[in-house]
1. Counting DSSP beta bridges with both partners in the range 17-266, what percentage is antiparallel, nearest 5?
2. At 7 Å along the Cα-to-beta-carbon direction for both residue 314 and residue 278, put a label point, then send me their distance in nm to one decimal.
3. Label-point separation (nm) for residue 48 and residue 34, each offset 7 Å from Cα along Cα-to-Cβ?
4. Based on a Kirkwood Rh over C-alpha pairs, give the Stokes-Einstein translational diffusion coefficient of the range 238-370 at 10 °C and viscosity 1.306 mPa s in µm²/s.
5. Can you give the percent of C-alpha pairs in the range 133-224 whose distance is more than 19 Å?
6. Nearest 0.05, what FRET efficiency do residue 325 and residue 96 give at R0 = 51 Å with Cβ-Cβ as r?
7. Taking just the alpha carbons, could you work out the radius of gyration and Dmax for the range 148-197, both in angstroms?
8. What distance in nm lies between label points placed 7 Å from Cα along the C-beta direction at residue 288 and residue 120?
Amino acid sequence: MIRERHLFGPGPSNPYPEATRALAEPLLGHLDPEFLRIMDETCEMLRTAWGTSNARTLPLSATGSAGMEAAFVNTVHPGDVVVVAVNGLFGQRMTDVAARCGAEVVSVDHEWGQPVDVDRVLAAHPSPAIVAAVHAETSTGVRSDIAALGAGLRAQGADALLLVDAVTSIAGIELRADDWGVDIGYAGTQKCLGVAPGLAPFTINDRAFARRVERPRSWYLDLGMLGGYAGEAGVKDGGAGQRTYHHTAPTAMVASLHAGLTRILDEGLEAVWARHQAAGDALQSGLEEMGLELFAAQGHRLPELTTVKVPDGVDSAAVRRELLERHGIEIGAGAGAYAASVWRIGLMGRNARPDAVLLVLAALRDVLGR
Ligand code: PLP
């Protein structure tokens, strides 16, 4: 039960039992046909999780931040205008990464706790090369409307690529990359997918791939070379499975992601979204009944990551410590300027269930004396 200590953090290591067990299986070689099968199936299941038919959908061997880096380093040509919607820490990180890739960044800043204002983002520049936004801002617990952003770009007849961070949204809330017009997306394994951290599920469509930087500054994240590694050829030619060695795949991690995705798709993606929504709703009502105030704007709250204002006079760190030490529950501090004034409570993957909600509410009542 030691893992229960981390069940409620914003980045919890809460693998499904299947995903954890897969890590303990005998290791396969990275070119073993059995592993290649697992890799192909993983890419296929990721397509479902993303809501895409993109051939170039694969787990990058690195964390979500490397997914972000791959997205920009492969698509930003020096001097390109990149509009970034910033409503939290991860939007800020995008501006830094894009600038390092040589972009002229137009940052559309929002008050933290608010969703992305689609009209402001669309009006920020007449002809950006890329428009980027975070679907689920983990630093604030806010969901932004990527469907509306994609539709707005289409309505404008804009040529810009839409680049989306889905680290905390994939397998937690509705995500339909193709329907919404997402050209490039990256995610992480450690949130609602419920797998250990370490892979970045990535997707890019043909339109974005055709515009890619021919020789990106990163060798490791060069998507032009990675396609063969992940069997992109195999997908396209009906399974011949031509592979080119690029780097040694982290076979145990891919097997673990395969197990996690299998479990999610067995339950059904929409059922998984509904389970997250029900758990988030129950937690958020319970917190309000306790007299606590939520931080994220109403109507835009993520079910999988709830932000709560620390009540006046309460020592945020002391409460978190007590929850961890006495109840074995980790909740996160706030991010950035809200480090001491906001708590972040994750209900992701396996933890998005009623008993986990009751447990965290009871523990908070106990610690806060409410
Ligand atoms: N984007 C979002 C929305 C995140 O929540 C995170 C991590 O929490 C990242 C990007 C970065 O991912 P990682 O920490 O796996 O590098």
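1. On the way: 10 of 27 bridges.
Of the beta bridges lying entirely in the range 17-266, close to 35 percent run antiparallel.
2. Those two pseudo-labels are separated by 2.7 nm.
3. 2.3
4. 94
5. Across the range 133-224, Cα pairs with separations above 19 Å total 45 percent.
6. 0.90
7. Reported Rg and Dmax, both Å: 12.5, 40.
8. 2.4
The values are calculated or read from the model by the stated rules, or taken from the named source; none is laboratory data. Small disclaimer: the values here were computed from a predicted structure and weren't measured. A quick note on method: Cβ atoms are made from the backbone with ideal geometry, for glycine too, and the neighbour counts reach across all protein chains shown. SASA here: full protein model, heavy atoms, side chains in, ligands and nucleic acids out. Shrake-Rupley method; radii C 1.70, N 1.55, O 1.52, S 1.80 Å.
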